[in-house]
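The values are calculated or read from the model by the stated rules, or taken from the named source; none is laboratory data. Computed from a predicted structure; not experimentally measured. So basically every Cβ, Gly included, is an ideal-geometry build from the backbone, and we count neighbours across all protein chains shown. What goes into the accessible areas is simple: the full protein's heavy atoms, side chains included, and nothing from ligands, DNA or RNA. Shrake-Rupley method; radii C 1.70, N 1.55, O 1.52, S 1.80 Å.
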Amino acid sequence: MTTQPDLRSLCQTLLNGSPDREILRTAEDFVRTALAGAKGQQSPPETPFETWMPATMPSGGDITESRLFFLALGPSMLLEGAWLARASQPATGHLPVHSHLFALYCRIIGLEDDSPSLPLHFRALLTGLGISLPPLSSPSFFNNRRFPEFALHIPCIQLGLMHRPRTFFPELLGYTLAHYWLDSDWWASLVGPPEAAWTSARERFLDDARPLASAALESYVREQGTSERLSAGWHLYRHAFESLLRDFAASRNRHQTAADAMADIVRAKRPYAVAYHRRVMLQERSLDQWLAQGEDDPGPLLEALRDSPYVDMQCPVAGRLIRAMDFGGPMFGVFSAEERRLCLNWIENPDAEAEQVDATGTALRSAPEPSTGQNQRNLSHRPGKHATADRTLNRRRLFTALLHAESATDCPPEAAIAVERILRRSRWLDLLRPAYHSLRSYDPTTFSQWIEAIYRQETARYRPLNADPKISREFCLWAILQLAPSILVDGCWLAGIPTASEKLDEVQQHLLHIYADELGNGKPERNHANVYRRLLESLDLALPEFETEDFAQDRRFTDAAFELPVYMLAIGQLKELYFPELLGLNLGIELSGLGAGYMQVVDILRHYRIDPAIIQLHQTIDNLASGHASSARDAILLYLDQIRQREGLSAVQEPWCRIRLGYLSLNIAMQPLAVRLVLRYFNDRLTVL
C-alpha cells in the first residue's frame, strides 16, 4: 500500500531545495496517482478544451469565509505558472508548442512588459483580505498550519510537473488549458469591489493567455495528433480543483474548535521545543517528556496544561502561559500574535469554534454580504567540490545525455567533471594573464569601465573586407557545420533560471530576459536555434534530429565541436553549484557577439552569398547599450551588491573570483574547436599551394 508523502516537506524541497532522485520519484508518483484518480472521476459526456465552471461553489458566506477560502487557494495561486517554468528546455525550446507555453509563462510572471506577475496580484488580494503570508522561499511557508493539508495537493502537482516537463508534457499542456479555461466570471464572483483589482488583472491576462494556450494546443495536435494524455491533463486540473472546493466545504462544515487550533500550534512547535523545557513540570512530568510523547496527539498535554498553574481561567491574559509569550517573557517571539490570540480562545473555551485572526492577532469578525446585488454568487445565468573520477561518457554521448536531462538530478556525474575540467584550466589561464586584463580586485565602477574598455578595444580592431577573404567558401561551410552543436542549444546555460515568479529576484530577471530572447520570446521563427536551422537548410547541410544519438555520432563533426555545448548544457543544469561562474560565462558569451570578430564574419559570409542573419542577430541583440551584454553586466553588478549588503564588502571578492573564472572559461571551452579551425585553415592553404 502506497503511503501519502509529507506534502509540506515535498513542496518545500521541490521549490526551495535540491531534490534528489528519491524526492523526484516521489513527486512523479504523486502526479501519476493524481492522474489515475482524475481518470476514475472523469465524466464521459464532457467535452474538453472549452470554458468550464466547477460544479461546486464556495458557500455565499461572510468575509471570514472568503478569507479562509483564499487562504486555502494561497499555495496554488502563488505558484501559478510554475509548472510551465521548464516546459521549454534545450532539447525542445525550438518547437512551436513549447515556444507558446514559454511565452505564456513569461506573461504570467510579467517578464515581457515588466508588469506585476499574476501571483503578485494574488498576494495583493490576500493582503487586502488581511492575510499575511511569508514568501514562497521561506521555510515556514509550506509549514504554515493555516494551510489545510488539502490545500497542498495542487501545489504538489504543479511542482511535480515543473520538475518533469518532458515526462508529463501532454498532461502539462492539458492541465494548462483547463486552468486558463476556467470561466473568469466564476473568479469574479468570489470577490467584492475592494478586491476587483485582482479579477481585472486576471481578465487582462486571459485576453493574452488564451490565444497562446490555443496556439500551443493547435501546434501539439498538428505535430502529435489528438492524445488521451492531453485530455488526462485537462481532467487532472479539473479534478484537483474541484476536490479542493469539496474539501474546503467539508472543512467548513466540521468547524475547527479552539482545542483543534491549539493542537495544531503544538504540533508545529513541538520539534523545536523539545530539550528546552526540562524544568517545567506538569503533573510530575517535565514538559519535555510531554512533548516527546505527544507527537501525534497533543490532547493529554493540553488537558494537563489547562489544569496547571500556568493557566489563569478567570483572567487568561494574566496567566503565566500568556505572559511568557509577551515582551520580556521566556517565550517572546516563539508565538505569533495570531497564535497568542488562538491560545487565549482555547483557555476561554476549548470547545468553541476557533476564531479567525489576522497577522496582528485581531479577530476577523463576520461582515454581512452587501445587498446591492453586485457580488451575488448565483452563477446559473452564466455559460459554461566535485568528483574528478575518470570520465565514462565521451563528449558526444554526454551531449545527448544532457539534452535528455529534465533536472540537475538527471545529469550524469560526468557533467560536473566536465565543468570542473574547464574551470581548472581557466584558473591556469587566469594566472598567466596580465593583471590589467583580469581585473583581479572587484570594484563596481572599475568593473563597468573594464567592460567598456573591452568593447571599445574589440570594435576598434574591425577592418572592412576590401579584397577576397583568405578563407574559402568550403571552409565556411565546414565551420558552420562544426558550430551547429553549440548554436542549436543557444541559451542553454540559462535553462535552469525559470522558476516560480516569487523566486525570481532582480538578478535572475535580467538573465531570464536574455534566455527569453534566445528562445525567440514565444515566436519559433525568432528562436536562435531555428534561425541557424534555416541557415543549414539553405546550404544543404542536412543533419539528424539534434536530440538523437545519430546527431551526436555524426562523423562530419569533430569531437571538439561538442566541448563548448557540453559545458554550456552542464553548467546550465548545475546552476545551483556554479551560479557565479554562470554569471561570468554569460558575460563572456554576450560580449563575444560584439566587436571585430563578428563583423568580419559577416563580411566573409556576404562575400560568399551566405546568409549572415544569425551573426547579425547577435550583433544587435547583444548590444551594450540595452541588450544582452548590458543585462549580463547589470546582473553581475546586482549580484555582487546583494552580497555586499548582506555580508559586507570583503565578502564580494570570493564570488568575483568565481565570476571572473566563468568569464575566462568561455575561451577555454572554445579552445579545442578553435585549434581544429586553425589546423583546417592551414591545411586548406597548403592544399592550394
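Per-structure values
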item	result
Residues satisfying the stated conditions in segment 418-457, i.e. assigned to a loop (DSSP other than H, G, I, E, B) and among the aliphatic types (A, V, I, L, M)	Leu439
For Pro165: the one exception among (1) outside any helix (DSSP H, G or I); (2) surrounded by fewer than 20 Cβ atoms within 10 Å (Cβ to Cβ)	(2)
Leu638 being open to solvent by 30 Å² or more (accessible area, probe 1.4 Å) and in contact with a His (Cβ under 8 Å, 6 or more places away or on another chain)	yes
Matching helices (runs of 4 or more DSSP H) fully within segment 297-352 where at least 1 residues are buried (at least 19 other Cβ atoms within 10 Å of the Cβ) and β-branched (Val, Ile, Thr)	320-325, 337-348
Selected residue (criterion: most open to solvent (accessible area, probe 1.4 Å)) from residues of segment 175-223 that are among the basic types (Lys, Arg) and under 20 Å from Phe241 (Cβ atoms)	Arg210
Residue among Arg533, Arg555 that alone is closer than 22 Å to Leu673 by Cβ, of a type in the set (Lys, Arg) and part of a helix (DSSP H, G or I)	Arg533
Count of residues meeting criterion [open to solvent by less than 50 Å² (accessible area, probe 1.4 Å) and not in a helix (DSSP H, G or I)] in segment 7-43	2
The listed residue being at pLDDT below 95 and either on the phi > 0 side of the Ramachandran plot or crowded, with 22+ Cβ neighbours inside 10 Å (or both), out of Gly61, Gly110, Gly81	Gly110
Residue match in segment 341-359 (condition: out of contact with any helix residue (DSSP H, G or I) (no Cβ under 9 Å at 6 or more places or on another chain) and either modelled with pLDDT of 55 or more or not small (Gly, Ala, Ser) (or both))	yes
Any chance His121 is of a type outside the set (Asp, Glu) and surrounded by 24 or more Cβ atoms within 10 Å (Cβ to Cβ)	no
Subset of segment 124-162 [open to solvent by 30 Å² or more (accessible area, probe 1.4 Å), out of contact with any Ser or Thr (no Cβ under 8 Å at 6 or more places or on another chain) and part of a helix (DSSP H, G or I)]	Ala124, Thr127, Gly128, Glu149
Among the candidates Ala232, Ala250, Ala263, Ala292, residue that is assigned to a helix (DSSP H, G or I) and either among the acidic types (Asp, Glu) or in contact with a Leu (Cβ under 6 Å, 6 or more places away or on another chain) (or both)	Ala232
Matching residues in segment 394-429 - criterion: being farther than 26 Å from Leu24 by Cα and surrounded by 19 or more Cβ atoms within 10 Å (Cβ to Cβ)	Arg395, Arg396, Ile422, Leu423, Ser426
Any hit, segment 572-581, residues being under 27 Å from the mean Cα position of the chain (by Cα), at pLDDT 95 or above and not in a helix (DSSP H, G or I)	yes
